[in-house]
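Novice: Quick one: the structure is below, questions incoming.
Each reported figure results from applying straightforward, stated rules to the coordinates on display, with no laboratory input. Note that this is a predicted model, so its numbers are computed, not measured. Here the Cβ positions follow ideal geometry from the backbone for every residue, glycine too, while neighbour counts run over all protein chains shown.
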């Protein structure tokens, strides 16, 4: 299996990572606000995954890689692939923790697919020992956090 994600880019609908956007993110509420500001205008219809690395002082590392062309549901090997990628990012940047933003078309309410992705991302971070901030989902209307309650709901169909 080739561990390197072929669909990695630095493009996407995110706003530029200005010095102000690199200020410390110490709380979950600050992370939520940061993702909302970075996401900018909702309704892009993009299905992709952004990774934010934070250093030991909770400052955002000036790099927001994006994995594009994500399928609606994660595959079993995505835990390994995304875990490998997160570990590499953390080691390259001296990062201390990681945060994920799943972008996809659709409404505000998390879907069963979003929950599957959330569990996959948390498992990937756990597999490589990377502290993970709450997973966020950006749809056509807004950016929302995948709460622990969302991740515990059973998968549909």
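Novice: Please state the relative contact order of the range 8-148 as a whole percent: Cα pairs under 8 Å, 6+ residues apart?
Specialist: Across the range 8-148, relative contact order equals 28 percent.
Novice: Give the calculated FRET efficiency between residue 149 and residue 77 to the nearest 0.05, with a Förster radius of 35 Å applied to their Cβ-Cβ distance.
Specialist: The pair residue 149/residue 77 has a calculated efficiency of 0.80.
Novice: Hey, fewest Cβ within 10 Å first, where do 101, 89 land in order? Intermediate values should be presented prior to the final figure.
Specialist: Working: 101 25, 89 18.
Ordered from fewest to most neighbouring Cβ atoms within 10 Å, 101, 89 come out as 89, 101.
Novice: At 4 °C and 1.567 mPa s, what whole-number value in µm²/s does Stokes-Einstein give for the translational diffusion of the range 8-148, with Rh from the Kirkwood sum over Cα pairs?
Specialist: 88
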